[in-house]
1. Does the stretch 101-209 classify as rounded, prolate or oblate by the C-alpha gyration tensor (a ≥ b ≥ c root eigenvalues; a/c under 1.5 gives rounded; else a/b over b/c gives prolate, otherwise oblate)?
2. Kindly provide the helix-only [θ] at 222 nm of the chain, computed as the sum of -39,500 (n - 2.57) over DSSP H runs of four or more divided by all residues, to the nearest 500 deg cm²/dmol?
3. Relative to the first principal axis of the alpha-carbon coordinates of the chain, what is the inclination of helix 3-20, with its axis defined by its Cα atoms, in degrees from 0 to 90 and to the nearest 10?
4. Which of 85, 135, 111 moves the most in a Gaussian network model of the chain with Cα springs under 10 Å?
5. Suppose the chain between residue 110 and residue 6 were pulled fully straight at 0.36 nm per residue; how much longer would it get relative to their current alpha carbon spacing?
6. Mind giving me the FRET efficiency for residue 138 and residue 224? R0 is 30 Å, r the Cβ-Cβ distance, nearest 0.05 is fine.
7. Roughly how tilted is helix 199-209, in degrees to the nearest 10 and between 0 and 90, from the longest Cα axis of the chain?
8. Using Cα pairs under 8 angstrom and six or more residues apart, how large is the relative contact order of the chain, in percent?
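What follows draws every value from the coordinates through simple rules; no lab data is involved. Model, not experiment: these values are computed from the prediction. Cβ placement follows ideal geometry from the backbone for every residue including glycine, while neighbour counts extend to all protein chains displayed.
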């Protein structure tokens, strides 16, 4: 049972307790207001922080004594940065996971295929990554996920089960769509903030917050992502961290198995 359902049940129980306690018509209606406001605040926090698993179970890290982490890149493929990033990852012998936007993948088919052919994992990051994606209805969300899923399959021949919510925001509607499609939600434990911080500040944050078992969020659309990634990979090597794929880190299959006739 999700945290959202548990909190809803607790909320209903408290309401019934207040109404049945004999105090409701005197002063307990104020408690109804307070409890309702608290419920709303919890739902907002649960929606924004994917690590809380409030509406949807998302894999954000693992507990391990081994110095292993997984690198993930969102919002591509980017025609300028992604090829250079792939060359850099090859130099370090590192495999990463790319959560791609369907609209961009459609325009960069060769690049999407290159990511796959080089042994990196592909994940679904919706079709449009629209600003108001979280307000879409069930059918629009479902279609966005399916369009990108089918696009990746047509170009690469793989059916990825991995999905990362745009902006990391989860809602009951999104949870329903993800669960209906049987996808695996992948979050993160370390957000680099590379889209809004200087390269130095981004690297400082990455170094100070890297922990064994982390899933690290970066973007292959960030202007300085090559330098950031190179410096981070050098630090990881010096500090005996091993970069593995999301699939390896979580010890789970993230692609649908090939079906033979």
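1. On the way: a/c = 1.92, a/b = 1.23, b/c = 1.56.
The shape class here is oblate.
2. Numbers: 10 runs with 124 residues, N = 261.
When only DSSP H runs of four or more count, the value is -15000 deg cm²/dmol.
3. Once rounded, one gets 10 degrees.
4. Greatest mean-square fluctuation among the candidates belongs to 135.
5. Values: separation 104, 0.36 × 104 = 37.44 nm, distance 4.58 nm.
Length gained between residue 110 and residue 6: 32.9 nm.
6. Numbers: r = 38 Å, r/R0 = 1.27.
After rounding, the FRET efficiency stands at 0.20.
7. 60 degrees
8. Working: 432 pairs, mean separation 70.6, N = 261.
Worked out over the chain, it gives 27 percent.
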